[in-house]
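Structure record follows, encoded as structure tokens.
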Amino acid sequence: MTEPQNTLAEIRATRIGKVAACREQGIDPYPYRWESTHSHADLQAKFAHLEPGAEVDLGVAVAGRVKAKRVLGKLAFLNLEDESGTIQLYLERQALQTAFEQLKHLVDLGDILGAQGTLKRTERGELSIKVTSYTLLSKALQPLPDKWHGLTDVAKRYRQRYVDLMVNPQVRQTFRTRALITAALRRYLDRRGFLEIETPVLQTEAGGADARPFVTFHNTLELPLYLRIATELHLKRLVVGGFEKVFELGRIFRNEGVSTRHNPEFTSVEVYQAYADYQDMMALTEDLVTTVAQEVLGTLQISYQGVSVDLSPPWRRVTMAAVVQAETGLDFEKFTTLPEARAAAEALGIEGLEGCLSPGQVMNAVFEQRVEATLVQPTFVLDYPVEISPLAKTHRSKPGLVERFELFVVGRETANSFSELTDPLEQRRRLEAQAARRAAGDEEAAGVDEDFITALEYGMPPTGGMGMGIDRLVMLLTDSASIRDVIAFPLLRPES
RNA sequence: GGGUCGCUAGCUCAGCGGUAGAGCAUUCGGCUUUUAACCGAUUGGUCCCGGGUUCGAAUCCCGGGCGACCCA
């Protein structure tokens with residue numbers, strides 16, 4: 001241990017040597033329990049008014065990770081960090097004797113320590129614990145990243161999130177906020193009588209959305225299974241069964257690319273309310289998001305990546321046709337044939353029109369490529385083409401459209417809602433059209449879920465449904481640029 | 001899928017054709033009010049990988065890997 005040790009392997013070997021040294025000196029480097037009297041934030045708040053130089057003869061116990069260590073001859077200072085914050089430990093050799101020497105040689109940055117002592121504010125104004133005894137609670141074998149610059153390598157931050165969390169407090173704050181958001185959302189729905197019911201992740205038909213599923217296999221049943229791409233079809237079965245207000249907040253899996261906005265597994269909440277339509281769901285969505293934002297952030301005026309966003313209701317409501325016309329000048333209500341719609345879109349430079357088989361799909365392509373990004377302030381876009389909405393009821397007054405809205409904020413689709421299609425025969429026709437697309441090679445198109453159709457045949461009340469991307473909501477409310485910043489362990493390609 | 005940028009010590013980074021560098025961390029010593037402590041010393045490298053050009057490559061070229069950003 002007297003030789004210099006500097007590669008990671010050597011640093012680790014040195015620390016393993018310290019583990020052995022601890023045991024030789026009767027110190028358990030991995031003990032079982034510790035009881036603190038206060039969190040660090042508690043102490044900082046409770047003694048905020050203690051004068052520099054003043055001491056309080058109150059015994060306290062704290063614990064946390066050693067983030068800084070300054071030994072000054074017969075005196076030492078440690079910064080100890082717990083989940084709530086940091087507090088300084090003040091240690092004197094005179095008071096600690098051998099424990100002081102052990103501190104110098106056996107305690108490293110990154111170790112977890114418990115400490116008991118009394119409070120004092122140092123001459124320099126730092127609230128400190130004048131330590132009477134301390135206990136090693138866990139010996140760290142790996143060194144902490146740079147104490148000042150922390151860990152900035154993005155790949156390493158995602159691959160070793162525990163290190164990221166350890167040294168970047170704002171990352172901890174993001175996940176704390178995420179937990180507050182989902183808790184507030186559940187509280188909101190609970191207050192309004194919605195019941196959270198868990199539906200299967202493993203399914204024999206992956207329906208409810210246009211997406212490629214992950215495939216797996218049940219050995220005993222010798223059954224190919226899909227991971228769900230939506231919770232929609234099972235939650236609707238629950239509505240058929242008589243639950244009038246249900247929701248599920250859970251993980252969805254889509255076998256798609258990875259980007260700043262997409263992770264193969266992500267979290268959605270889907271909400272279904274019997275006897276309601278999409279107008280009711282719009283009111284619910286607006287109220288839900290503003291309530292959650294108000295509870296979690298305490299304001300509806302937020303900033304996202306430098307852009308001010310005003311979440312105050314009422315939010316803008318505009319039909320897809322109207323907003324497309326406003327942004328591009330194209331009036332799709334006048335196009336009756338595919339060729340004229342395509343020609344108009346082509347003139348705008350819209351791409352991917354080969355896949356569009358109807359004027360409605362062309363309008364949607366124009367919307368996605370020219371309009372979405374402009375919808376920065378919260379906006380409900382209403383009344384989508386029926387061809388791209390197989391689970392939505394046709395519009396009660398506008399032919400060719402369905403009663404559907406999507407919510408856009410900062411240019412991103414954040415929620416999607418329908419007056420749910422409840423006519424079983426119509427639903428069968430729509431799903432069979434999807435299945436035909438799949439047979440023709442579209443891997444994002446779903447097959448027909450026969451049991452779902454049968455459920456509808458038993459009779460489903462008029463129902464409003466809404467699905468919302470939780471990750472995108474958390475990104476918005478935590479000002480996070482990438483979905484990977486709001487998913488604790490995002491999917492990455494393995495190294496090497 | 002395309003383009004741009006990045007990858008050098010445990011961490012943060014410099015070096016951009018001529019002996020592999022700094023700060024922090026580590027290790028040792030000093031120091032009774034520090035807080036990015038300080039002072040002195042010590043030490044640490046598959047310069048992402050493979051190939052090429054060159055007397056000589058971390059540096060230039062080609063291919064690959066991983067990542068970031070932008071575009072689709």
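The values are calculated or read from the model by the stated rules, or taken from the named source; none is laboratory data. Quick caveat: nothing in here was measured; it's all calculated off a predicted structure. All Cβ positions, even for glycine, are placed from backbone atoms using ideal geometry, and neighbour counts span all protein chains on display. These accessible areas exclude ligands, DNA and RNA; they are computed on the full protein's heavy atoms, side chains included. Shrake-Rupley method; radii C 1.70, N 1.55, O 1.52, S 1.80 Å.
Can we say residue A:284 is open to solvent by less than 30 Å² (accessible area, probe 1.4 Å) and either among the acidic types (Asp, Glu) or touching a His at 6+ places or on another chain (Cβ under 6 Å) (or both)? No. Can you find a residue that is buried (at least 18 other Cβ atoms within 10 Å of the Cβ), more than 15 Å from RNA strand B (Cβ to nearest atom), under 23 Å from residue A:109 (Cβ atoms) and not hydrophobic (A, V, I, L, M, F, W, C) anywhere in the stretch A:64-76? Scanning the stretch A:64-76 turns up no residue that is buried (at least 18 other Cβ atoms within 10 Å of the Cβ), more than 15 Å from RNA strand B (Cβ to nearest atom), under 23 Å from residue A:109 (Cβ atoms) and not hydrophobic (A, V, I, L, M, F, W, C).
Could you say which residue among A:23, A:33 is assigned by TED's automatic domain parsing to the domain that holds residue A:121, open to solvent by 90 Å² or more (accessible area, probe 1.4 Å) and more than 25 Å from residue A:81 (Cβ to Cβ)? Answer to the selection: A:23.
Taken over the stretch A:93-138, residues that are more than 9 Å from RNA strand B (Cβ to nearest atom), closer than 30 Å to residue A:49 by Cα and polar (S, T, N, Q) amount to 5.
Taken as a whole, the structure leaves residue A:68 outside the set of residues that are of a type in the set (Gly, Ala, Ser) and farther than 16 Å from residue A:122 by Cβ.
Filtering A:43, A:80 for residues that are within 13 Å of RNA strand B (Cβ to nearest atom), crowded, with 18+ Cβ neighbours inside 10 Å and within 16 Å of residue A:114 (Cα to Cα) leaves a single hit, A:80.
Mind listing whichever residues of the stretch A:427-449 are among the charged types (D, E, K, R) and touching a residue at least 24 places away in the same chain (Cβ under 8 Å)? Listed by number, the residues that qualify are A:428, A:430, A:443, A:444, A:449.
Taking residues in the stretch A:141-156 that are more than 20 Å from residue A:490 (Cα to Cα), and partners anywhere that are more than 6 Å from RNA strand B (Cβ to nearest atom) and β-branched (Val, Ile, Thr), the pairs with Cβ atoms closer than 7 Å and at least 6 places apart or on different chains are A:141/A:16; A:144/A:167; A:145/A:163; A:145/A:167; A:150/A:167.
Taking residues in the stretch A:77-99 that are outside any strand (DSSP E or B), and partners anywhere that are within 12 Å of RNA strand B (Cβ to nearest atom), the pairs with Cβ atoms closer than 6 Å and at least 6 places apart or on different chains are A:93/A:74; A:93/A:100. Of all residues in the stretch A:153-181, those satisfying the criterion of being within 16 Å of RNA strand B (Cβ to nearest atom), in a helix (DSSP H, G or I) and not β-branched (Val, Ile, Thr) are A:155, A:156, A:157, A:158, A:159, A:161, A:162, A:164, A:165, A:166, A:169, A:170. Tell me whether the stretch A:14-26 contains one or more residues that are in a helix (DSSP H, G or I) and either within 19 Å of residue A:125 (Cα to Cα) or polar (S, T, N, Q) (or both). Checked against the condition, which is being in a helix (DSSP H, G or I) and either within 19 Å of residue A:125 (Cα to Cα) or polar (S, T, N, Q) (or both), the stretch A:14-26 yields at least one hit. Has the stretch A:337-353 got at least one residue that is assigned to a helix (DSSP H, G or I) and touching an Asp or Glu at 6+ places or on another chain (Cβ under 8 Å)? Within the stretch A:337-353, one or more residues are assigned to a helix (DSSP H, G or I) and touching an Asp or Glu at 6+ places or on another chain (Cβ under 8 Å).
Residue A:90 passes every criterion in (1) within 8 Å of RNA strand B (Cβ to nearest atom); (2) closer than 22 Å to residue A:12 by Cβ apart from (2). Tell me yes or no: at least one residue of the stretch A:176-191 is more than 19 Å from residue A:470 (Cα to Cα) and assigned by TED's automatic domain parsing to the domain that holds residue A:476. Among the residues of the stretch A:176-191, at least one is more than 19 Å from residue A:470 (Cα to Cα) and assigned by TED's automatic domain parsing to the domain that holds residue A:476, which makes the answer yes.
Of the helices (runs of 4 or more DSSP H) that lie entirely inside the stretch A:355-462, those containing 2 or more residues that are β-branched (Val, Ile, Thr) span A:359-366, A:450-457. Restricting attention to the stretch A:187-200, the residues that are under 17 Å from residue A:226 (Cβ atoms) and surrounded by 15 or more Cβ atoms within 10 Å (Cβ to Cβ) total 1.
Are any residues in the stretch A:479-496 near RNA strand B (Cβ under 8 Å from one of its atoms) and exposed (fewer than 15 other Cβ atoms within 10 Å of the Cβ), and if so, which ones?
Once the filter is applied, which keeps residues that are near RNA strand B (Cβ under 8 Å from one of its atoms) and exposed (fewer than 15 other Cβ atoms within 10 Å of the Cβ), the stretch A:479-496 yields A:481, A:492, A:493, A:494, A:495, A:496.
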